[in-house]
Structure formats: C-alpha cells, structure tokens
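Have a look at the structure below before the remarks.
We did not get these values from a lab; they are worked out from the coordinates using the rules stated. For clarity, every value in this text was computed on a predicted model and none was experimentally measured. Neighbour counts run over all protein chains shown; Cβ positions are idealised from the backbone, glycine included.
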Amino acid sequence: MQRGLGWLGAEFEVAVGPVAHGGHCVARHEGRVVFVRHTLPGERVVVRVTEDRHPGFCRADAIEVLEASADRVERPCPYSGPGRCGGCDWQHADPAAQRALKAAVVREQLSRLAGLDVDVTVEELPGGPLRWRSRARFAVDRSGAAGLRRHRSHDVVVLDDCPISVEAAAQAVLSRRWPGAGAVDVSVDSTGAVTTTRLDRRGQPTSSRVVRPGGDLPEEPSTRAERRAGGRDWEVEGTGFWQVHPAAADALVAAVAGFAEVRPGETVLDLYAGVGLFGGALAPAVGADGRVVCVESDEAACAAADANLAGLPQAEVWQGDVDADALAELLGELAGGPDVVVLDPPRAGAGRAVSRLLAGTGARAVVYVACDPASLARDVAAFAEGGYRLAAVRGFDAFPMTAHVECVALLEPATS
Ligand SMILES: C[S@@+](CC[C@H](N)C(=O)[O-])C[C@H]1O[C@@H](n2cnc3c(N)ncnc32)[C@H](O)[C@@H]1O
C-alpha cells in the first residue's frame with residue numbers, strides 16, 4: 001500500500017492552477033501536487049487535506065476562498081460544498097464557466113493521452129443546469145434513509161431533495177424510507193412514469209415499482225418505459241440505460257447522424273447499442289438495401305432493441321460482448337466490412353484491442369460517443385496507431401453541475 005506524507009487534515013493556503021479531469025483543480029504546496037475540490041482556476045484558497053495516500057500528490061477541499069474567481073457563484077444546492085454531498089463538482093461555478101472547464105479537460109486529455117492539439121467546445125443542452133437528471137441511483141443508509149455519498153466515501157448524506165434531479169425522481173426516492181435496501185435506482189420516462197428499483201446491499205435488484213401518471217401499478221410484470229429522441233419513441237427497460245439528461249439522446253443522435261452521413265445501401269455497425277438508439281436512428285438512411293447491426297450485451301436492453309427496431313428489416317440486434325474475439329467473428333460475417341461504425345462504450349472505453357480491430361476494418365467513418373474523455377483519448381490513440389485520424393469532436397454538457405461531459409468524435413482513415 002502506498003503512503004502519504006502525514007498531511008491528512010493539514011490546512012494551508014494555495015494558488016489554484018488549471019482544472020484537471022475529475023472535478024478538481026491543480027495546486028502545489030511544498031513541491032507536491034494538491035488536487036483541490038470546490039475551487040476554480042486562478043483562485044487563492046485555504047485548503048484542508050482530505051486524502052493523503054500517495055507520496056506524489058494529495059487531495060484537498062477549499063474551505064475558505066481568499067481571492068475568488070469571477071466565475072464563482074452561490075451554490076444553488078444547499079447540500080453541496082466541502083465535506084457534504086459528493087454528487088456534484090461544479091455547483092460553485094457559473095454554468096458557462098462549467099462548460100469551459102469541461103472543454104479544457106477534454107482538450108487536455110486529448111493532448112496528454114493522444115498527443116493531439118484539438119479545439120473543443122462543450123455545448124449547452126436545453127433545460128438549464130438543474131432538474132435534468134431523469135435517471136439516478138441513490139444510496140440508502142442503515143436506518144433506511146436515502147441520499148448520496150460523500151465524495152470518495154461510503155458515508156451517505158441523507159437528502160430531502162436533489163436539485164439536479166427531475167423533481168418526480170427525487171421525490172419518489174427521498175420522500176420515504178427504504179428499510180433494508182442498499183440503494184434505489186429511479187428513472188422518469190418521457191410520459192412521466194416513475195420506475196423505482198430497490199437494490200440489496202450487494203447491489204442486486206430485489207423489486208421494481210412503476211408509478212404511471214394515471215395511477216400506481218405496483219410490482220408490474222413489465223417495467224418498460226418510453227423515451228423520446230430523434231423524432232420517435234423508444235422502449236427502455238425501466239431503470240436500464242438511457243441518457244440521463246432528457247435532451248441528451250436527441251442531441252447525440254443528431255451529432256452521430258451528422259458525423260456518419262450514412263448513405264443508402266451502406267452497412268453500419270452500432271456497438272454497445274443499448275436499446276438500439278443510434279442504429280435505429282441511422283437505419284432509415286441506409287434504406288432497404290443497407291444493413292445495420294446493433295451489438296449489446298444486456299439481455300433486457302436487447303429485448304427492448306428488438307422491439308424498437310421491429311419496423312426496420314434492415315436492422316438486427318446481436319446479443320453479446322463487444323470484445324476482440326466476438327468482434328473478429330462478427331467482422332468475418334459482415335461481407336465487405338462496415339462502412340460506418342458507431343460505438344458508445346461504457347466509461348472504461350472500448351480498449352486498445354477493440355479499437356485496433358475496428359481500425360483494421362477500413363470503415364470510412366467511425367463515430368465514437370464517449371462519456372469519459374480519458375477513455376476517448378486512449379482509444380483515439382489506438383485508432384491512430386491503426387491509421388485513423390481524429391477529424392472532429394463535439395462536447396455536450398449532458399451532466400450540468402458535475403464534472404462529467406459527453407463527447408462525440410469522428411475518426412476517419414488518415415489517408416482519406
Ligand atoms: C453508454 S451505454 C450506450 C447505449 C446506447 N448507445 C444509447 O445511447 O442508449 C453502453 C451500453 O453498452 C453495454 N455494454 C457494456 N459493456 C459491453 C460489452 N462489453 N459488450 C457489449 N455491450 C456492452 C451496456 O449494457 C450499455 O447498454
């Protein structure tokens with residue numbers, strides 16, 4: 001186990017430097033890096049060290065602001081701040097400044113991990129910085145009270161409300177107790193139906209309940225929810241994956257379609273397809289002579305994707321893992337290989353092996369949807385080794401108040 005330098009709890013003054021990936025800024029003290037939360041670049045603050053486990057760096061909270069940034073605002077959420085709820089990172093920053101911070105992080109990750117100098121803008125989504133979270137997991141403490149965890153802690157901060165959550169989601173979970181549960185997932189669909197799923201202390205779902213606007217249907221056999229994006233409705237399994245921000249799926253579909261510029265007769269691979277959002281949105285453009293193959297590992301998501309793609313005979317759903325072996329097999333079955341690949345992997349990214357395999361297909365366009373700019377940058381570097389260049393990247397502020405950012409990147413063969 002690595003050890004720190006005994007700074008835990010120490011308080012000192014620092015000049016705050018640039019933002020870093022993860023919702024903090026970089027400062028230095030006695031030659032050591034200090035990752036400081038609750039501050040902004042250019043501020044002078046007093047910090048208290050909250051974690052000291054590595055000789056090279058420690059973590060700290062800004063507990064007093066001596067010289068404030070012009071971007072600093074009053075936190076709209078009464079539960080946020082040093083030592084409190086860890087759900088948000090940038091409550092103290094003006095929303096436009098939050099987007100600039102996220103753009104700086106995407107630029108820095110692409111520079112450091114992929115060696116690229118790219119200009120990135122993070123675009124605002126409609127709806128404002130609060131009440132956007134339509135899907136969330138709340139933690140439950142031993143007394144059955146729900147809330148969110150403190151930053152890098154198992155402690156539950158009990159909440160009466162979560163102002164970034166859609167009101168119906170916050171109310172459904174935070175207005176009652178959940179004795180014996182370890183966590184509760186909640187999702188509000190585009191019809192206003194609220195699905196709550198109780199999880200045990202090992203994170204396993206134990207029961208679900210759907211409350212639809214017209215009435216309460218507890219313990220329904222089906223928890224199918226409806227979401228809207230790209231001008232149509234999509235079936236989703238209750239609290240299963242769907243973009244959290246109500247405007248995000250629409251914005252991402254438009255960005256993916258704009259980068260892919262799919263033509264009639266083309267073959268499109270939609271990897272990590274969820275309920276078939278991107279494949280389903282692109283299928284009309286390939287037409288009856290084209291083909292769309294959606295690959296997704298989750299059984300319930302595949303069942304929903306089958307339903308979503310039912311009217312599109314050119315689209316099919318393959319249930320399975322996107323890994324090097326399965327992908328090699330799939331590529332072998334695709335006569336001529338894909339013209340366009342869309343991939344939207346979970347936070348860890350697709351990884352080097354999958355990225356290199358995809359680069360070997362010669363697809364004319366690879367559209368990469370990423371929720372972690374570090375994973376995106378690592379995979380972009382792997383695609384570059386395979387002869388692909390980053391042609392464009394757009395950022396979306398799909399998670400206001402938090403450090404998270406969604407990116408859509410276009411990779412093309414470097415020779416095109
Ligand atoms: C970020 S979500 C994207 C879903 C979909 N593209 C959308 O926008 O709604 C990632 C999806 O990948 C699936 N997944 C995770 N690991 C996978 C793997 N190794 N192979 C295939 N699918 C995977 C998850 O179940 C999830 O549905």
Hey, if you drop one equal point scatterer on each alpha-carbon of the range 345-413 and run the Debye formula without solvent, what base-10 log of I(q)/I(0) do you get at q = 0.21 Å⁻¹?
-0.79
Distance in nm between pseudo-label sites at Gln319 and Arg32 (7 Å out along the Cβ direction from Cα)
5.2
Subtract the Cα-Cα distance of Val46 and Arg137 from 0.36 nm times their separation in residues, and report this length gain in nm to one decimal.
29.5 nm
Convex hull (Cα only) mean projected area of the range 297-399, reported in nm² to one decimal
7.5
Could you tell me the largest-minus-smallest coordinate of the C-alpha atoms of the chain on each of the three principal axes, in descending order and whole angstroms?
66, 57, 40
Given the rule -39500 (n - 2.57) for each run of at least 4 DSSP H residues, summed and divided by the residues of the chain, what is its mean residue ellipticity at 222 nm, to the nearest 500 deg cm²/dmol?
-7000 deg cm²/dmol
Could you compute the net charge surrounding Arg356? Neighbours are other residues with a C-beta less than 13 Å from the C-beta of Arg356; K and R count +1, D and E count -1.
-1
Amide H contacts under 5 Å for Tyr388, placed H, 5+ residues apart
Ala414
For the range 124-140, Karplus-derived ³J(HN,Hα) couplings (6.51, -1.76, 1.60; θ = phi - 60°; whole Hz; x for glycine and proline) come out as 6, 9, x, x, x, x, 10, 6, 9, 7, 8, 9, 7, 10, 9, 8, 10
Would you mind checking which residues have amide H under 5 Å from Ala93's amide H? H placed 1.01 Å from N; only 5 or more apart, or other chain.
Val73
Find which of Val211, Ala183, Ile164 sits farthest along the positive direction of the dipole of the range 135-227, computed with +1 on the beta-carbon of Lys and Arg, -1 on that of Asp and Glu, about the Cα centre.
Ala183
Stokes-Einstein at 37 °C, 0.692 mPa s, Kirkwood radius from Cα pairs: D for the range 135-227 in µm² s⁻¹?
245
If you consider only alpha-carbon coordinates, what radius of gyration and Dmax does the range 1-72 have, in Å?
11.4, 41
So how long is each side of the range 4-134 along the principal axes, counting just the alpha-carbon atoms, biggest first, in Å?
45, 40, 28
Please compute the modelled spin-label separation between Glu11 and Ala328, points set 7 Å along Cα→Cβ, answer in nm with one decimal.
6.0
Given springs between every Cα pair under 10 Å in a Gaussian network model of the chain, which of Asp298, Asp119, Asp344 has the largest fluctuation?
Asp119
What full-extension length gain, to one decimal in nm, is calculated for Ala247 and Thr121 as 0.36 nm per residue of separation minus the Cα-Cα distance?
43.6 nm
Nothing charged except the Cβ atoms of Lys and Arg (+1) and of Asp and Glu (-1): what's the magnitude of the dipole of the range 1-72 about its Cα centre? Round to the nearest 20 debye.
280
I need the peptides 359-365, 132-138, 330-336 ranked by packing, meaning the mean over residues of other C-beta atoms within 10 angstrom, with the highest value on top.
132-138, 359-365, 330-336
